[in-house]
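Structure first, commentary second.
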Amino acid sequence: MPELDAGFYQQKLFQDGFACVVWRQHPRIDAKLSESRFRSERHVVLTAPGTGNEIVEQELKRRGSQRKVALSLPTLPGVGNLLANTDLIATVPQRVAQTLMKIARVRALAPPFRFPDFAIKQHWHERYQQDSANRWLRSTVAGLFLEI
């Protein structure tokens, strides 16, 4: 997320990386995903904010690499079912990949090269810094991630 203007606070909740998600029985992808297989497979790209797509795109551009985008989706719901019933591949945050493996017949693999990790943060305006209800909410949200 771009830097916020003065008057905003932020708290890091957790650090995340990326995983590639495919159908459990993908016919061309085994236990390890090679860079050439990554480039040759068709991809579904999640363009919703918070999915990390901009990080993936920047790193691919930096490497002079591309992926074959077959489908761009503006939202996350339904992507697990889509991947479980096609030969498409999606590069998503690791926590998203973990959730998809619980709800769909997919598996997660390490990307063939390292994408930069990123931080998930909560933000609030300075007018709520001392607000007791907002402080409770922030601590409750932060506590959820300390348990994971």
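The values are calculated or read from the model by the stated rules, or taken from the named source; none is laboratory data. No experiment lies behind these values; they were computed from the predicted model shown. Virtual Cβ from ideal backbone geometry, glycine too; neighbours counted across all protein chains shown.
Contact map, region 112-123: first residue over 21 Å from Phe145 (Cα atoms), second residue part of a strand (DSSP E or B) and of a type outside the set (Ser, Thr, Tyr), Cβ cut-off under 6 Å, separation 6 or more or different chains; pairs are Phe115/Phe18.
Residue by residue, here is whether (1) over 10 Å from the mean Cα position of the chain (by Cα); (2) within 22 Å of Ala31 (Cα to Cα); (3) outside the structural domain of Glu35 (by TED's automatic domain parsing) holds:
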| position | (1), (2), (3) |
| --- | --- |
| Glu57 | yes, no, no |
| Leu71 | yes, no, no |
| Ala84 | yes, yes, no |
| Ala90 | no, yes, no |
| Gln94 | no, yes, no |
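Reported count of residues in region 104-148, each being of a type in the set (Gly, Ala, Ser), surrounded by 14 or more Cβ atoms within 10 Å (Cβ to Cβ) and either outside any loop (DSSP other than H, G, I, E, B) or assigned by TED's automatic domain parsing to the domain that holds Tyr9 (or both), is 2. Of the helices (runs of 4 or more DSSP H) lying entirely inside region 1-103, the ones with 2 or more residues being of a type outside the set (Gly, Ala, Ser) and surrounded by fewer than 11 Cβ atoms within 10 Å (Cβ to Cβ) are found at 53-63, 94-103.
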